[in-house]
Amino acid sequence: MLIGMTLGVAIIFAVDIANESSKRAFSLSLDAVTGRTTHQIIGSANGIDDTIYTRLRTQLGVRNSAPVIQGTINLIGSDGSAEKQYTETLQLLGVDLFAEPMFRNQPGQALPKDDQANGNVSARTNRDSLKLLHNGTVILAQSTAERLGASVGSSIEIADSRFTLTLISTVDTKVQANFENIAMVDISTAQEVLGLHGKLSRIDLVLPLKSQPAPVTQRTKKIEQNIEYIESSIPGVQVIEAARRNNALIQMTEAFHTNLLAMSLLALLVGAFLIYNTVTLSVIQRRTVFGQLRVVGVHRHELFRSIITETLAFAIVGTLAGVVLGYILGSALLTLVTRTINDLYFTLDVRQVSYSVFTLVKACGVGLGVSLLAAVPPALEAANSPPVTVTQRSSMEGRVSKIVPFIFMAGIGLIGSGALVLWISERSLWAAFLAIFFIVAGYSLTIPKLLLSLTSMGNQKTWNPVISYSSLGNYPLRSITASLSRTAIAIAALVVAVSATAGVGIMIGSFRLSVVHWLGDALQSDLYITSTASDNSLPAILIEDISTLENISGTRQVRMLNAETDKSPIRLMAVRNSGTSPQVYSFKDKANRPATPNTANSIQSAISPEARMRLLNTTDSVLVAEPYSTNENIRVNDTLKINTDYGLKPFTVVGVFTNYTSGKGLVVLSMNSFHRYWSDRNIDTIGLTLSQEVNAKDTKKQLRGLLSIYNDKLLMRSNTEIRTQSLEIFDRTFAITHVLRLLTIGVAFIGILSALMALALERRSEYAVLRALGTTPFQLRQLLLWQTGLMGLIAGVLALPLGIAMSKILVSVINVRSFGWTMEYHIPPIVLLESLILAIIAALIAGFYPAYKLSQLSPAEALRHQ
Amino acid sequence: MSDHFITLEQVSKSYNAGSTSHQVLGDLSLNVAKGEQVAILGHSGCGKSTLLNLISGIDYVDSGVISVANTNLTTLSEKERTLFRRQHIGFIFQSFNLIQTLTALENIQLPLQLNRYPATEIEARAKSMLTRVGLNGRDNAFPDQLSGGEQQRVAIARAMVHSPALVLADEHTGNLDADTGREMIELFSELAKSESQTVLIVTHSLAIAKTADRVLRFLDGKLIADDNLDATDLAW
Amino acid sequence: MINHTLTALFIVTLFCLGLSGCNSPPQEYSTTGVSLHSELGGSAEGFERACTTRQFSFPEDHGAHPKFRNEWWYITGNLEDSSGLRFGFHVTFFRVANPPEKPDANGTSSNWSSSEFYMAHFAVTEGLTEENVHSTGFERFSRAAAGLSGAHVSNTEESTVKVWLDDWQLHASYVDDKLIWQLSLHEGDYSIQMRLTPEKPIVLQGNAGYSQKSADPCNASFYYSLPRLRADGQIKIAGTQHDVTGTAWLDREWSSSALADTQTGWDWFALQLNDGRDLMLYNLRKGDGSIDSFSYAVEIDQRGTKRQIPIDQISVEVDRWWKSDTGSRYPVAGKILRKDTNEILVFTPLRENQELDFTVRYWEGAIDLASTSGENIGRGYLELTGY
């Protein structure tokens, strides 16, 4: 009983912990890079000119300002062998210590107590921080340093860079939790490491400028004045609220966390099943005892009270144990969650497991609440029945079978309302999850009825093979349906778990297939050359050299930059195709409003891809990736304003294309447009299409020769390599879902196990009779395994429709609503087969122990105890 | 090799109840001839049921030898004993012990299925057995749809459907009213006689014991009398 | 003014205070301080040292001397508005250099990388009114890079001399062959806009500007002063602006050496007498409380002629100690006794609390000078460190 309860609570708690910890780390990490900042000065995609900061300080006297350079670096650990390097991806945070809060505070004024809570990364806990001013020095979290095998004074290499950093100090993350994941360096070091000479990522501001407390309206006015002052003094500068930028990031991960939340709802359901089953089991198991107690004169109120009290006691212990186990489990899950976030969104390193009181209350509430709920009906029954029938289990089963039709109807109703919710809610992700929950819960209510219908086919000889093999006739099948209250719940738990597995499996399968197709479309060039240099740009000479090469039928030059827009920030991709440039976009258009004929470049959505490309190349227009289009509700013919080197400029959307890269929204524009509005002339990637008749190997060799003079700073990869890598990342991303699925199955497994144990216990005398009639222990064992196998099979079969329904919702509703990805729907048969086998195997494994226990049964004793 | 069908030689059996050991049978020796109908008479807890369990191989002796139909049960393994029981012994339990989830017919079919009779024969034999115990037409009735007497008939049918050489009955009329009980006994001995089966009936009812060829009286695990009831007219 | 070796300690202490934050136990200051000092390039190694006299050249020498480790521009002054309300002000720009970096593997090409940084202090004192008892100080830091702070002299630009940290600025420009100084500092509701016109020529302190501080001849600084500047401009205190005039003193000093172990602090007087004479005195205090023989005193007459006063001819007698909330006791009032002229100058502070609780704590305040009969004979500034 304890095990079941513990596991049930544990899984609920674990999933929540993983979710919350990663969320907290995420917000800490946001805090770490923005701190108490209220506003930020941002520029165009390239960052901002660092002289703006100088002007801000020396001419405008804006004191509460701090320059920030932010980027990602991979540090190489010193412990690993040369073969297997340990690298850790960190957020490089370039700061000016003198501009950090400690220098901003009034002399003698202690730093505000809530500084910690506000999450400022400051190095003030350590006097060695001043050494940060030395070029090439870094401060890391103690834990990060340990993992890298670095101690103060040792130098740490940066992957793919000629720079090394010297560790000068570490920060205890117990004191500053948000330092985890951060590599703090001086601005100068950051500029060099990231190759951002003369640039800053942004300038953080704390507005209003320090002054006496003022009424809110006055303060707001003052902030506005400040912004206006700054913006009017330095042309081209844009001051935005820090929160706005963060919101975009938060939104991005929110979707992921919602998915995790769905997992935790699932865990809740399965966990609740488990707890319910174990509690009812423990009461029913002792019906005889209760019957006897009633016979000897225990009053029914007393009996009821004692059952409930006992259940409560168990529930408390089980819940506590579950919380502990859940914590451990959650920490393990967290690693996986973090990895997914890193792959999908941005560098995040969570080492601290955290949970909220709410999570705790929720897990405990489910543990205790469901336990009590589960205990009440059997306790009531045990207490209310006349002494004799308490020992008769069949009387309860009789009642159960009577309510089966009602439960079935309720289930159908739930499924219906789930479908309704799905249908009326347009964009709400929550509604979609609610619908799934309804459908799953509803479906599990229909299981007793379905179970009966399925097994009643046995009388129509459907189950003949089973019957003839078991040498016990209809017995195995019949005893499953005979204990509906027991078996149906176990099967339902398994159905939910297996269908989730199938559903998510189908979703991932569909997703993967779509990604494969998309990669096929997007990676049309044969070879890609990218730079590993810090500024990512390819040498101009190289581009010229390549264009002189024969055997190349087409090139595709790409420049990628981050840019701000009037909506959320984007990843801007400027593209120039020359020669044979293959069509790489598959368009999925939905226009917000019809094309207006008087707009020069407004287009009909039925326009050909070629025409779109022509528009893209000749007008101020962009292509927008599907997720961005969905999230920002920006469609064809809409206008997107992008912050260019010449301020905000409008671009017309001429196409929405499939894209499965995550993170910031991807927006494509032609290189011509890019050069018109940006001064950046760099290229980071060249895609090459080889002529058909050419030997690819020779060309590669030739290219490699060409690249060799650039000292490994250039990387040439074939489209196959990129494809493989992309899919690897894809698979890694979904690793966590596999684990969660297995975990769910594990819990369902325990459910089956406890159900079988209950069955075995209840049927002791029946089995003794069978033994007396000449059933060998082996046969008995076989019998039970048959039964469990059957239950597994039934669960597997019942899980398939639910799994398919779930996957359909995941693919066509949830993914669209949360990521903005539409994808092809595809049911891999192997997933269905897997689910079926998984269900059977899970059930069979669960059957082993009860079967073993059963074969040890001494019939003489069992008979004597009648 | 004895010409007795059942032979017990100095059989002892104890049960452990907590730390104390309670001897149920002590140094019991007896023989039963083939085709004999024997009643075992005694109070509750005198070791009657244990004797049945030992003879059927459901339980095993602490010491001594039991052989049935020239097979020494005490040297057989659990599985061998089970197989022996399946083939040669029919068992009627005190409280019928029908499998609740199976119909009357299916209950009767069980021993045949276990003995791997061909499907057609299972069907035929079980049906005819059902008819013989007077339950024609109740094939598909579940135990809880049958009266106590009817359940007992099914139990008898189940015990005898595969024509075992030995039938053991444990207080099988205990839960029935006197008339039905007598009816049962008559049916039972008639069936046994017709197939010349050896029968051991455990009972505490003199009336039932009277129908037997021979009565064994037990007191505290000891055989205190071995005769037919007419000869020893003791007041029980 | 301040001995360069003391400055080393000053800077060192400053940083260990600043960086160890509020939580560190006090005893950590000294130990961490010394090590931090060395980390910062504590020794004079890698720097030029002041070991003998040099040729001064102006306006070039008003700018930074990056081959030396420490340097400052130090201005103090007494002001008065038309209603007779008294003010004191104190503005200092410190330049602190790390030893020139050894060329490391990474190379340095960022214009943010610098081995120097600037620290600046800005303090104002308002006196004589009961309700407005302000004495407020501000402190800033910045790297000497990316144009954020620095000091340079140029003949082409608008201002010949420019010393700045963020928008705190000390400028000097020629007006009719005369270098006029301009102070401009803002901090919240406080600001100072002051024009400083020299009324006396530059005075090279010590031996022609070579100011030896201990027995080691290289334990010295280059030191010159502008002893009397006429100040006029505006000062804003807690949001209230005052038009003021007065007298200021500018000290310039640069050096590379470290403090002698025996020296624990100093008392520095810069006094402007009503009769046109200026007096400057610093007493280097030793650990036992006695006065180091390398202490120094000088008198500048009305025409700007300097006369060094032998250190045994001048002494200070403390009349009153003031204990600050921070626990330090400062000798804020007393008498300066001159044997050479038989003069007694009685000094009293404009306000007792002119302690500056910066990353390093010291007392820097405006004082009044009176004769023994109580007659006002001048004003000045007193700096008390190491208490």
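Given segment C:102-176, what strands (runs of 3 or more DSSP E) lie entirely inside it while holding 1 or more residues that are touching a Pro at 6+ places or on another chain (Cβ under 9 Å) and either within 12 Å of chain A (Cβ to nearest Cβ) or modelled with pLDDT under 90 (or both)? Working first, answer last.
Details: elements: C:116-127, C:135-143, C:149-153, C:161-165, C:168-175.
Per the criteria, C:116-127, C:135-143.
Give the number of residues within segment A:70-101 that are touching a Gly at 6+ places or on another chain (Cβ under 7 Å), modelled with pLDDT under 80 and closer than 26 Å to A:Val206 by Cα.
Adding up the residues that qualify gives 0.
Among the listed residues C:Ile180, C:Ile192, which satisfies the condition of being among the β-branched types (Val, Ile, Thr), within 14 Å of chain A (Cβ to nearest Cβ) and in a strand (DSSP E or B)?
C:Ile192
Hey, any hits in segment C:271-279 for a residue that's out of contact with any strand residue (DSSP E or B) (no Cβ under 6 Å at 6 or more places or on another chain) and not basic (Lys, Arg)?
Looking for residues that are out of contact with any strand residue (DSSP E or B) (no Cβ under 6 Å at 6 or more places or on another chain) and not basic (Lys, Arg), one finds at least one in segment C:271-279, hence yes.
What are the pairs, 6+ residues apart or on separate chains, where a residue within segment B:30-59 that is touching a residue at least 40 places away in the same chain (Cβ under 8 Å) and within 14 Å of chain A (Cβ to nearest Cβ) has its Cβ under 7 Å from a residue that is part of a loop (DSSP other than H, G, I, E, B) and aliphatic (A, V, I, L, M)?
Listed by first residue and then by second, the contacts come to B:Leu54/B:Val61.
Within segment B:84-116, track down each residue that is without any contact (Cβ under 8 Å) to a residue 60 or more places away in the chain, more than 7 Å from every other protein chain (Cβ to nearest Cβ) and within 14 Å of B:Ala165 (Cβ to Cβ).
B:Phe84, B:Asn115
Hey, among the residues in segment A:208-224 that are away from chain C (no Cβ under 14 Å) and within 24 Å of A:Gly47 (Cα to Cα), which one's modelled with the highest pLDDT? First the steps, then the outcome.
Let us first name the residues in segment A:208-224 that are away from chain C (no Cβ under 14 Å), namely A:215-221, A:223-224.
With within 24 Å of A:Gly47 (Cα to Cα) added as a condition, the list becomes A:223-224.
Details: A:Ile223: 67, A:Glu224: 72.
It comes out as A:Glu224.
Across segment C:336-363, what is the number of residues that are more than 20 Å from C:Val298 (Cβ to Cβ) and not in a strand (DSSP E or B)? Lay out the reasoning, then the answer.
In the first step, residues of segment C:336-363 are kept if they are more than 20 Å from C:Val298 (Cβ to Cβ); the result is C:346, C:348-363.
Those left that are additionally not in a strand (DSSP E or B): C:350-354, C:358-360.
Going through segment C:336-363 one residue at a time, the tally reaches 8.
Tell me the strands (runs of 3 or more DSSP E) entirely within segment B:1-118 that contain at least 2 residues that are more than 27 Å from B:Leu130 (Cβ to Cβ).
Values: elements: B:6-17, B:20-32, B:37-42, B:63-68, B:89-92.
In segment B:1-118, B:6-17, B:20-32, B:37-42, B:63-68 are the strands (runs of 3 or more DSSP E) which contain 2 or more residues that are more than 27 Å from B:Leu130 (Cβ to Cβ).
Restricting attention to segment C:364-387, which residues are crowded, with 21+ Cβ neighbours inside 10 Å, assigned to a strand (DSSP E or B) and away from chain A (no Cβ under 14 Å)?
Matches in segment C:364-387: C:Gly365, C:Ala366, C:Ile367, C:Leu369, C:Gly378, C:Arg379, C:Gly380, C:Tyr381, C:Leu382, C:Glu383, C:Leu384.
Return the only residue of B:Ala212, B:Ala235 being within 20 Å of B:Gly90 (Cα to Cα), modelled with pLDDT under 85, assigned to a loop (DSSP other than H, G, I, E, B) and hydrophobic (A, V, I, L, M, F, W, C). Let's see the steps before the verdict.
On the way: B:Ala235 fails: within 20 Å of B:Gly90 (Cα to Cα).
The unique qualifying residue is B:Ala212.
Could you go through segment C:255-268 and let me know if any residue there is without any contact (Cβ under 8 Å) to a residue 12 or more places away in the chain and farther than 27 Å from C:Ala64 by Cβ.
yes
Name every residue in segment C:358-386 that is touching an Asp or Glu at 6+ places or on another chain (Cβ under 7 Å) and farther than 13 Å from C:His90 by Cα, in order of residue number.
C:Phe358, C:Thr359, C:Arg361, C:Asn376, C:Arg379, C:Leu384, listed by residue number.
So, of the residues in segment B:68-83 that are of a type outside the set (A, V, I, L, M, F, W, C) and crowded, with 21+ Cβ neighbours inside 10 Å, which turns out to be farthest from the other protein chains (Cβ to nearest Cβ)?
Top of the filtered list is B:Arg81.
Mind telling me which of the residues A:Ala500, A:Ala533 ends up being under 29 Å from the mean Cα position of the chain (by Cα) and either assigned to a helix (DSSP H, G or I) or modelled with pLDDT under 75 (or both)?
Within the list A:Ala500, A:Ala533, the selection yields A:Ala500.
Test of understanding: among A:Pro67, A:Pro107, which residue is modelled with pLDDT under 75 and within 14 Å of chain C (Cβ to nearest Cβ)?
A:Pro107
So B:Met129 clears everything in (1) surrounded by fewer than 24 Cβ atoms within 10 Å (Cβ to Cβ); (2) more than 17 Å from the chain's Cα centre (by Cα); (3) touching a residue at least 12 places away in the same chain (Cβ under 8 Å); (4) within 30 Å of B:Arg116 (Cβ to Cβ) except one condition, right? Which one?
Of (1) surrounded by fewer than 24 Cβ atoms within 10 Å (Cβ to Cβ); (2) more than 17 Å from the chain's Cα centre (by Cα); (3) touching a residue at least 12 places away in the same chain (Cβ under 8 Å); (4) within 30 Å of B:Arg116 (Cβ to Cβ), only one is false for B:Met129: (1).
From A:Thr170, A:Thr189, which residue is at pLDDT 75 or above and touching a Gly at 6+ places or on another chain (Cβ under 9 Å)?
A:Thr189
The values are calculated or read from the model by the stated rules, or taken from the named source; none is laboratory data. Computed from a prediction, not measured in an experiment: that's the story for all the values here. All Cβ positions, glycine included, derive from the backbone under ideal geometry; neighbour counts span all protein chains shown.
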